[in-house]
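For reference, the structure is listed below as structure tokens.
Each value in this text was obtained by applying a stated rule to the coordinates, not by laboratory testing. Given the structure is predicted, the values throughout are model-derived calculations rather than measurements. We place every Cβ from the backbone using ideal geometry, glycine too, and count neighbours over all the protein chains shown.
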């Protein structure tokens, strides 16, 4: 990571670690949630690793996960329609570019099924989702812009360390919490970077 070599550098998103962190926050907010549905895009190569990581972490705290796979708009509808049958107590959405483009659809369906849900980016909370936790995209874009400038000035990409984000955002939508009847603990509210009322 410090010296990737060749013609390669970049910014890592730390998806695996953040999925586990979201699970921990979900458990803090909903300690009685025994079954957690996990929405993932099977076409994303990192989704399987994220889902396995979350599944292991969930088993570690005595919780069960149920995987929902969706790579198209219609599959998102079908996956979310299966939530009542699965008797899930909460939903965890994996970080994925396609799922991010479906933020409005996913948050609307979570509301329709009255299911508390945790999301990977603030766009979901802004669209009516309950809670989001993830890296700040503005910081990632800033780092990438700096790297592009350095490379255009002659530095070799392989000499630039792969960087990890240092700023993470916890966004809580209190309007959604109220609609779902979810009591947000004061300790979680105190750690929030943004509260939507």
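With Cα atoms defining each centre, segment 1-68 and segment 90-143 are spaced 14 Å apart in the structure.
The translational diffusion coefficient of segment 109-197, from Stokes-Einstein at 37 °C and 0.692 mPa s with a Kirkwood hydrodynamic radius over alpha carbon pairs, comes to 219 µm²/s. Per the Debye formula on identical point scatterers at the alpha carbon atoms of segment 8-110, with no solvent, log10 I(q)/I(0) at q = 0.14 Å⁻¹ is -0.51.
Here, the chain yields an orientationally averaged convex hull projection of 11.6 nm² when only Cα atoms define the hull.
Specify the angular offset, from 0 to 90 degrees and rounded to the nearest 10, of the alpha carbon long axis of helix 15-29 from the longest principal axis of the alpha carbons in the chain. Approximately 30 degrees, to the nearest 10. Measuring nothing but how far apart in sequence close Cα pairs (under 8 Å, 6+ apart) lie, relative to its length, the chain scores a relative contact order of 27 percent. Using the average count of surrounding beta-carbon atoms within 10 Å as a protection proxy, the listed peptides 53-61, 22-30 rank, highest first, as 22-30, 53-61. Antiparallel beta bridges, as assigned by DSSP with both residues in the chain, represent about 20 percent of the total such bridges.
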